[in-house]
Amino acid sequence: MLDQIRRYVIGGALLAGVLTAAGCSPGSSPAAAQPAATASPALSPSPSPDVAGALARLGTESARFTLVFDAKDAKERAAGIIDSASGSWEMTGNGYVVRRIGADVYVKLTAEPVHSVYPGQYASDLGKWVHVAAPADGVAFDRDFPWAPARTASATQLDTAGRVSRVTSPDLVVSYSDYGTAVRVVAPPADQTIEDHLFTLANLGAIF
């Protein structure tokens, strides 16, 4: 009888040890298995703006452009449009319209230029198209105008199509829009055009 009791006691102790090792206590159910945690999927980084690619595309499409020249002593604004096929452009500013067609420039004054040397300097030219040869210098007469400021800008913004939309440089901000728009810039009629060899394009503003 005593041996039988000892066997019951020893058997119970062994069973309790097994249950404890399994994470159970006598009289309780085994714990339910927990599902393994799944790792969150890695987020893909947003694609970097392709500024180099956007700059390389400049000049392949016609477009509208706006220039704002903001120096300490002057603030000027002009808006224009360029034909990518020919490089011809037309730009309108404060009191003037300028057309560049190859080596020829046509200027129509609607007011005395703000940088005239004296009042009435260009009074005889008002309302007429003045023909002059394109100068070799000036922002507006760079062979790559109006794209040149974008290539040396300190800051560049792209539109949703990945094209250059706005560039900033010291004293100059240029915006581009309406890529692919139809453009046709032509010389004014000969009977509306005069020659003025004393006409100075720089008098139109710092952009020139």
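Read-outs: derived from the displayed coordinates by stated rules, not from any lab. Computed from a prediction, not measured in an experiment: that's the story for all the values here. Note: ideal-geometry Cβ built from the backbone for every residue, glycine included; neighbour counts use all protein chains shown.
At-a-glance table
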item	result
The range 60-101 versus the range 182-208: alpha-carbon centroid distance in Å	13 Å
Nearest-0.05 FRET efficiency for His115 and Ile194, computed from C-beta distance (R0 35 Å)	0.95
Within-12-Å neighbourhood charge of Asp83 [Cβ basis; K, R +1; D, E -1]	+2
In order through the range 136-149: 3J(HN,Hα) via Karplus (6.51 cos²θ - 1.76 cosθ + 1.60), integer Hz, x for Gly, Pro	8, 10, x, 4, 6, 10, 5, 4, 9, 5, x, 7, 3, x
The range 58-208 - charge dipole about Cα centre, Lys and Arg +1 at Cβ, Asp and Glu -1, debye rounded to 20	320 debye
Förster-model FRET efficiency, 30 Å R0, Thr60 and Phe141, C-beta, rounded to 0.05	0.90
Cα-based equivalent ellipsoid, the range 94-195: semi-axes from gyration tensor eigenvalues, Å	30, 17, 13
Residues whose placed amide H lies under 5 Å from that of Ala206, excluding near-sequence neighbours	none
Residues with amide H under 5 Å from that of Asp196, placed H, sequence gap 5 or more	His131
